[in-house]
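See structure below.
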Amino acid sequence: MPVLYAFIAVFLLISAPAMAQESARDYIDRMMRTPPPPIVEETVPAPADDPAAAPVAEQEETLPAESEETEEVVAAEEPEAEEEACTPIVQDFSNQSPSIAKRYTRRQAEIDKMDTDCDGILQPEERTTAIETQFSTADADEDGVLSKAEAAAIIDAFKENSQGAYGGLIDKKTRKLEVRIKNMDKNDDGKITAAEYRSYYQSRYKSLDKNNDGALDVREFKTDVESRRRRSD
Ligand SMILES: [Ca+2]
Ligand SMILES: [Ca+2]
Ligand SMILES: [Ca+2]
């Protein structure tokens, strides 16, 4: 028996290292062959940085857009500043009789309010513009109609602003204006529509254009409180 154990021991001593050596080689071979597979964890995720970069580019694009809008706003404000009113020509009526000179002076003051090109004469376009402006100014509540109160305000304003021009005649002239405004109300409902207002003044200005050239000069024009009849003041 001891002989058998000794034999087995010798066998193990000889074969074990061999087996160990073989298995080690196999392992090394495996390691040498396998290296290829483990590779490339696809660093492709790097491109994941690109999508992050894209939004940055978009933001940069929107920035110039905002600055352009700012420039547009600034540019839009400039035209308004460019609008400059001309200066009315000072007319000399000293060669007329005192009464006519006084009348022409009053008329010229009214013309100058509407004479946007400052040539001293009222062209049709200037009259149309003035009619629209006067109506919208009088229509305080912007409902497109002059109420009794709004019409009364026109009369009050005339009385207050024309005292110097008419002196002692102011009450008489004021009553004349009251009648005139009442006449604008064609359907007599106590209100003056924009259409009634336009119709009245376009008709009035047309009748004043004696030489029928479309324009009204100081000899043709009459203020709101001047009668169309010659004999009146
Ligand atoms: Ca003019
Ligand atoms: Ca109104
Ligand atoms: Ca004329």
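The values are calculated or read from the model by the stated rules, or taken from the named source; none is laboratory data. Note that the structure is a prediction, hence the values are computed from the model and not measured. Positions of Cβ are generated from backbone atoms using ideal geometry, with glycine treated the same way; all protein chains shown enter the neighbour counts.
Structural remarks
- Taking (1) away from ligand 3 (no atom under 16 Å from the Cβ); (2) free of Cβ contacts under 8 Å to residues at least 12 places away in the same chain in turn, E125 satisfies each apart from (1).
- T133 falls short on exactly one of the conditions (1) in a helix (DSSP H, G or I); (2) within 21 Å of A101 (Cα to Cα); (3) among the hydroxyl-bearing types (S, T, Y), and that condition is (2).
- Checklist (1) in contact (Cβ under 8 Å) with a residue 12 or more places away in the chain; (2) out of contact with any Asp or Glu (no Cβ under 6 Å at 6 or more places or on another chain); (3) within 22 Å of I89 (Cα to Cα); (4) not hydrophobic (A, V, I, L, M, F, W, C) applied to G164, failing item: (1)
- With a requirement of 3 or more residues that are within 16 Å of ligand 3 (Cβ to nearest atom) and not acidic (D, E), the helices (runs of 4 or more DSSP H) lying completely within the range 137-225 that satisfy it span 194-208.
- Where T133 falls short, out of the listed (1) farther than 30 Å from D213 by Cβ; (2) exposed (fewer than 13 other Cβ atoms within 10 Å of the Cβ); (3) out of contact with any strand residue (DSSP E or B) (no Cβ under 9 Å at 6 or more places or on another chain): (1)
- Filtered by the rule that a residue be of a type in the set (V, I, T) and surrounded by 15 or more Cβ atoms within 10 Å (Cβ to Cβ), the range 136-174 gives V145, I154, I155, I170, T174.
- The one condition in (1) away from ligand 2 (no atom under 16 Å from the Cβ); (2) over 20 Å from A130 (Cα atoms); (3) assigned by TED's automatic domain parsing to the domain that holds T129 that N161 fails to fulfil: (2)
- Which numbered condition P98 misses (of (1) of a type outside the set (A, V, I, L, M, F, W, C); (2) within 27 Å of D217 (Cβ to Cβ); (3) within 34 Å of the chain's Cα centre (by Cα)): (3)
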